[in-house]
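Notes to accompany the following structure.
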Amino acid sequence: MTTTPHTLRRSFLALAVALGAALPFGASAADTELLNVSYDVARELYKEVNPAFIAAYKQQTGETVTIKQSHGGSSKQARAVADGLEASVVTMNQANDIDMLAERGLVAKDWAKKFPNNAAPYYSTMVYLVRKGNPKQIRNWEDLARPGVQVIIPNPKTAGNGRYTYLAAWGSVIKKGGNEQQARDLVSRIFKNVPILDAGGRAATTTFTQRQIGDVLVTFENEVSMVRAEFGDNFEVVYPSVSILAESPVAVVDKVVDRRNQRKQATAYLNFLYSPQGQEIGAKHYLRVRNDAVMKKYAANYRPISLFTVDELFGGWQKAQDRHFDDGGEFDKIYSSK
């Protein structure tokens, strides 16, 4: 067959059409696709964050970025990334999950210094969601341990908010001057009242709100506030006298972004969470934010509460993990004796 210039032009045209057909609508070969692997209670937050960032980044740089999401129990998600899930960034609900990825060499060892506020643009705390009228009169951590009270808490082995709840209950005793044995006793009695251990916080919310199991759901302030906003008078939010500060840390997954040449876009995405627009979106979703002006604007979303940190009462997340949540730790001993 004789090749002519006209034949070559037609061949190149056909190749260009074929390549274009293989790309998503509106995409180009230079478009960047990020995967944000996150905890399950953050679904609605990132549904609003992502298009806002995409529009802002397009306006600033002229570049098109697309973002995919993956949600589940925080620790389960971290393990998936460690096992090969190609996350560009991780947005978790506790530092220990990102520390594990740093130990695997996927995330920088000093990841918490890469962004402001220990790389946590948002924080929350653990509060209670009860049924209308609070029929069991649940007010504080001790009430969760009373006979006849069913408590819905996700599994501390797989869910960050399950761990925060466990540590909040334990720490409430220490904060009030109690000893370790008294704290262990309270947490043991609370978990004897847990009828089912869901893998993640959103599954626990479904168990309580839709399956109508339990008298009280313990989860993040932002989660219970959103449930209250959606279901109205069916539920009430109760604040204990003391609870734990629950940060939502973020990190770039270095191994992935460097291989895919995504570092600039991934870093910009996480920096957007600290921008006034990103902070306002967080506040609209009942997260406590770092921007003072935004916190003041949304002050009605939050109630004053005494908060302690994991560092303050447990010596940091690594010590808390080793003692309480590793196989054979305090939680396993408590739950196996249920």
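The values are calculated or read from the model by the stated rules, or taken from the named source; none is laboratory data. None of these values were measured; they are calculated from a predicted model. FYI the Cβ positions are ideal-geometry reconstructions off the backbone, even for glycines, and counts take in every protein chain you see. Just the protein is used for accessible areas: all its heavy atoms, side chains included, with ligands, DNA and RNA removed. Shrake-Rupley method; radii C 1.70, N 1.55, O 1.52, S 1.80 Å.
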| Quick check: anything in segment 273-281 over 17 Å from residue 86 (Cα atoms) and in contact with an Asp or Glu (Cβ under 8 Å, 6 or more places away or on another chain)? | yes
| message | Here is a list: 296, 255. Which entry is in contact (Cβ under 8 Å) with a residue 12 or more places away in the chain and not hydrophobic (A, V, I, L, M, F, W, C)? | response | 255
| task | Identify, from the list 60, 69, the residue that is at pLDDT 95 or above, within 30 Å of residue 212 (Cα to Cα) and of a type outside the set (A, V, I, L, M, F, W, C). | result | 69
| query | For residue 118, are the conditions met, namely being open to solvent by 40 Å² or more (accessible area, probe 1.4 Å), closer than 26 Å to residue 311 by Cβ and polar (S, T, N, Q)? | reply | yes
| said: Looking only at segment 210-220, how many residues end up being surrounded by 18 or more Cβ atoms within 10 Å (Cβ to Cβ) and at pLDDT below 95? | reply: 2
| For segment 149-178, which residues satisfy the criterion of being without any contact (Cβ under 8 Å) to a residue 24 or more places away in the chain and over 20 Å from residue 323 (Cα atoms)? | 177
| task | Kindly indicate whether any position in segment 179-202 is crowded, with 24+ Cβ neighbours inside 10 Å, in contact (Cβ under 8 Å) with a residue 60 or more places away in the chain and among the hydroxyl-bearing types (Ser, Thr, Tyr). | result | no
| Hey, any hits in segment 314-327 for a residue that's in contact (Cβ under 8 Å) with a residue 60 or more places away in the chain, open to solvent by 60 Å² or more (accessible area, probe 1.4 Å) and over 21 Å from the mean Cα position of the chain (by Cα)? | no
| query | Of the residues in segment 278-297, how many are open to solvent by 40 Å² or more (accessible area, probe 1.4 Å) and not in a helix (DSSP H, G or I)? | reply | 3
| query | Looking at residue 159, is it out of contact with any Pro (no Cβ under 8 Å at 6 or more places or on another chain), at pLDDT below 95 and either aliphatic (A, V, I, L, M) or open to solvent by 10 Å² or more (accessible area, probe 1.4 Å) (or both)? | reply | yes
| field | Condition check for residue 229: part of a helix (DSSP H, G or I) and in contact with a Pro (Cβ under 7 Å, 6 or more places away or on another chain) | value | no
| task | Would you please list the contacts, defined by Cβ atoms under 8 Å and residues six or more apart or on different chains, that run from a residue in segment 65-76 that is within 15 Å of residue 265 (Cα to Cα) to a residue that is open to solvent by less than 30 Å² (accessible area, probe 1.4 Å) and assigned to a strand (DSSP E or B)? | result | 65/32; 65/34; 66/32; 66/34; 67/34; 67/36; 68/34; 68/36
